[in-house]
Every structure is written in structure tokens, then in C-alpha cells.
1. Taking the Cα centre of the chain as origin, sum charge times position over the Cβ atoms of Lys and Arg (+1) and Asp and Glu (-1), and report the length of that vector in debye to the nearest 20.
2. Taking K and R as +1 and D and E as -1, what net charge do the other residues with C-beta under 15 Å from the C-beta of residue 103 add up to?
3. Gain in length, residue 41 to residue 148, computed as 0.36 nm per residue apart minus the alpha-carbon separation, to one decimal in nm?
4. Does the range 1-92 come out rounded, prolate or oblate by the C-alpha gyration tensor, with a ≥ b ≥ c the root eigenvalues, rounded set by a/c under 1.5 and, if not, prolate when a/b is larger than b/c and oblate if not?
5. Averaged per residue, what accessible surface does the chain expose to a 1.4 Å probe, in Å²?
6. Considering only Cα-Cα distances, which of the following residue pairs are longer than 32 Å: 90/116; 88/154; 3/111; 74/111; 133/154; 120/154?
7. In whole Hz, with x marking every Gly and Pro, tabulate ³J(HN,Hα) for the range 145-155 from phi via Karplus 6.51 cos²θ - 1.76 cosθ + 1.60, θ = phi - 60°.
8. Only Cα pairs under 8 Å and at least 6 apart count here; give the relative contact order of the range 1-95 as a rounded whole percent.
Amino acid sequence: YSKVGAAGLWQFMPSSARIYMRLDELVDDRRDPWTSTDAAARHLRDDYTVLGSWPLALTAYNHGRSGIARGMEKTGSSNLPELIARYKHKNFGFASRNFYAEFLAASDVEKAYRAKAGNKTGEILAFDTVETKHYVPYETLRRLCGADDAIFRKLNPAYRPEVIEGKLYVPPGHIIRVPAGR
């Protein structure tokens, strides 16, 4: 969690998260790397569709789609370098101005790593998915699939502590991950 309320691998703010995934008193899908990665890809696709360029879409991921659109309107430009140079707004600060450059730098580091280390991957966590039909205690799901607590939590990281502790139940229609073959 960030100091401004963003959470998870892709640092979704609650307002954006609710558009692309579940975020409520039972589940915070921002903490789920599978669900949040799919949501981040859809979010970027939507930013690109509205803004028309990947540099603007990636900057909007940090600053917000409407903030970038306002900057484009105020500057009369859809060119990111011009927007950075000419758009003056208190919320369009260092992080937003540098987000695209930081993305390119991270991409370069990743490419250089792969060139040096090859395409080695860590152990793959194999799983199957099951959809709940009713409210079910978390512990019941864990016990029925035969997973130990650490593996079940790793496969299902979005559940709030109240669900894990049994105070609230896993909701109907929710996809859970279980060890492959279970």
C-alpha cells in the first residue's frame, strides 16, 4: 500500500480499481497479481483508446486519464514532451512528468537482464480455478482443496483478514485458485 492509498503490484487507487476489479469489505483484488495484471492491461488499453498514444496512456496510468486530457486541452498538444514542458498544474508533478521515462528505463533494464540471464523463470505455481456458488468460509475452501495455509494464501491473496479469520465468508461467484488437480 502506498501513502496515498494505491495498492498491489500495479498500484491501483481505489477509484480505478473499482472499475476493473472487485474492491470491497471482503476482497481487495488489487493485491491479487493475476487479477490486477489483467485489470492493469485493460486500464492501459482504455487509456490508449481515449488518449491515442502509448506515452500519454502510460503517463495517464500515473496521473489519471482525465488529468492528461485536461493537460492536452490546456496546452493544445497531444505530444508528451510538449505536455511535460508546458502543462503547469500542482498535481502534474515529478512522478507524473517522469512516469513514462521511468517505464522506458525499467523496460531497458528488463531487456538487458533477459539478454544476460536468458529466459529463466522461477518455479511456476500450477493451479486450477473454481467458482464459488454460495457464501463459503475461507477455511472450508482451503480444507476441501487440501492446500496448506501458505499455499492457499499465495494462490488467493485478495481476501481481507476478516475473511481469512472466518468473520466474513468468501462471496458467491468468486473465482478461487486451488493447487492443480485439487
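The values are calculated or read from the model by the stated rules, or taken from the named source; none is laboratory data. It should be emphasised that the depicted structure is a prediction, and the values quoted were computed from it without experimental measurement. In this analysis, Cβ positions are derived from the backbone assuming ideal geometry, glycine residues included, and neighbour counts consider all displayed protein chains. These accessible areas exclude ligands, DNA and RNA; they are computed on the full protein's heavy atoms, side chains included. Shrake-Rupley method; radii C 1.70, N 1.55, O 1.52, S 1.80 Å.
1. With Lys and Arg at +1 and Asp and Glu at -1, about 440 debye.
2. Counting the neighbours of residue 103, the net charge comes to -2.
3. 35.4 nm
4. Verdict is prolate for the range 1-92.
5. 61 Å²
6. 90/116; 88/154; 74/111
7. Coupling constants for the range 145-155: 8, x, 8, 6, 4, 5, 5, 5, 5, 5, 6 Hz.
8. Answer for the range 1-95 is 15 percent.
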